[in-house]
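Take a look at the structure below.
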Amino acid sequence: MGMKHYDRGWHATSTFGRFSAAVAAGKLLGLSLEQMKTALGLAGTQSAGLRLVFGTMTKPFHPGKSSYDGVLSAILAQRGFTCAPNIIEGKKGYLEALGDESRLEPMVQSLGRKYEILNNTFKPYASCLMTHPTIDAVIEMRNKYRLKPEDVEQISCEVSRFCLDSAGQVEPQTALAGKFSTYYCAALALAEGVAGEDMFTDRKVLDPKMVALRKRVRARIVPGYEDTQAKVAITTKAGKTYTAYVDTPKGDPRNPPADKELEEKFRTLAPVALSKSNMDRLVKTIWGLEKLGNLRQLIRLCHG
């Protein structure tokens, strides 16, 4: 689609997500080629989602709604619903309406040989992905030099353009806004040494100590920095300055989490929907996925 799609304000997770959900559902339903074209058409015409909502409940609503609409598209196509079969490349279609400097060739390059799912990032922190290099750098220095909030004069963060573009909220007032604040995330990393879901609450974001520490954070864009890069300098009240540079944050395909770390993340999030026994069985089933005879066995375990 070209970077201008995201630059213009579209939320790619939402605008792209309907296509992948429609295809996944279509494969499971055994759609024919013509039905799959229709499913893609229905997915494309429903595509929407704006970055302006980042920091509100609507941002996490986007991927859920994308999945819902993708499944709906596949079911409607299966039942004979009609739609344009060339939604992506057609005149006044998806590329022309939502894209800029778009190219079709990469869509089919290495098709069936290269699987993009292997390039997925597993987020160790419950905040915008662009904040993760900063969090990694701060935690590294916190642990290495035993830094405490009361000892710190200033935290200076050098980040990519998209980091502050996506997560540049200087004074977050809610938990969700905190997830899109490089300033809060840097302060949180120093104060707590973690950035899990339980660290993003309204009470935590507005805690006077966290607010005071956040106000000591500075951030600036470094032209040419990739989204995975950040350099952080921490200056203490004693006049010492420590620095850390992160090129590839934890969770990136080039710096993947260990299986144990993935399992721990699952176990911290799943209790909202699953009992411990279901979690245990699900973990065991997933690690032995190749031996599973029928996917329904896995799906049943995902129900609360």
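The values are calculated or read from the model by the stated rules, or taken from the named source; none is laboratory data. No experiment lies behind these values; they were computed from the predicted model shown. Please note: Cβ atoms are built from the backbone with ideal geometry, for glycine as well, and neighbour counts cover all protein chains shown.
In the condition set (1) under 24 Å from the mean Cα position of the chain (by Cα); (2) closer than 17 Å to residue 188 by Cα; (3) not β-branched (Val, Ile, Thr), residue 207 is compliant with all but (1).
Of the residues making up region 209-219, one or more are in contact with a Leu (Cβ under 7 Å, 6 or more places away or on another chain), modelled with pLDDT of 95 or more, in the same structural domain as residue 144 (by TED's automatic domain parsing) and not in a helix (DSSP H, G or I).
If you check residue 257 against the conditions, is it at pLDDT below 95 and either touching a Phe, Trp or Tyr at 6+ places or on another chain (Cβ under 6 Å) or crowded, with 20+ Cβ neighbours inside 10 Å (or both)? Spelling it out, residue 257 is indeed at pLDDT below 95 and either touching a Phe, Trp or Tyr at 6+ places or on another chain (Cβ under 6 Å) or crowded, with 20+ Cβ neighbours inside 10 Å (or both). Condition test on residue 45, is it more than 23 Å from the chain's Cα centre (by Cα), within 18 Å of residue 26 (Cα to Cα) and not in a loop (DSSP other than H, G, I, E, B)? Judged against the criteria, residue 45 is a match.
With respect to (1) closer than 19 Å to residue 140 by Cα; (2) in contact with a Lys or Arg (Cβ under 8 Å, 6 or more places away or on another chain); (3) buried (at least 20 other Cβ atoms within 10 Å of the Cβ), the lone exception for residue 181 is condition (1). Residue 174 meets the conditions (1) more than 17 Å from the chain's Cα centre (by Cα); (2) under 19 Å from residue 149 (Cα atoms) in every case but one. The failed one is (2). Scan region 1-42 for residues that are of a type in the set (Phe, Trp, Tyr) and not in a helix (DSSP H, G or I) and the total you get is 1.
Listed conditions (1) within 25 Å of the chain's Cα centre (by Cα); (2) surrounded by 16 or more Cβ atoms within 10 Å (Cβ to Cβ) are all met by residue 278, apart from (1). Of the helices (runs of 4 or more DSSP H) lying entirely inside region 87-168, those carrying at least 1 residues that are among the charged types (D, E, K, R), surrounded by fewer than 20 Cβ atoms within 10 Å (Cβ to Cβ) and in contact (Cβ under 8 Å) with a residue 60 or more places away in the chain are 132-145, 161-167. Each residue in region 93-146 was checked for being at pLDDT below 95 and among the β-branched types (Val, Ile, Thr), and 3 of them qualify.
The set of residues from region 18-45 being surrounded by 17 or more Cβ atoms within 10 Å (Cβ to Cβ) and modelled with pLDDT under 95 is empty.
Scanning region 46-70 for residues that are surrounded by fewer than 17 Cβ atoms within 10 Å (Cβ to Cβ) and hydroxyl-bearing (Ser, Thr, Tyr) gives 56, 58, 68.
Looking only at region 228-254, residues that are under 26 Å from residue 120 (Cβ atoms) and surrounded by fewer than 18 Cβ atoms within 10 Å (Cβ to Cβ) come to 5 in all. Only residues that are in contact with a helix residue (DSSP H, G or I) (Cβ under 8 Å, 6 or more places away or on another chain) and closer than 15 Å to residue 147 by Cα were counted across region 218-242, and they come to 6.
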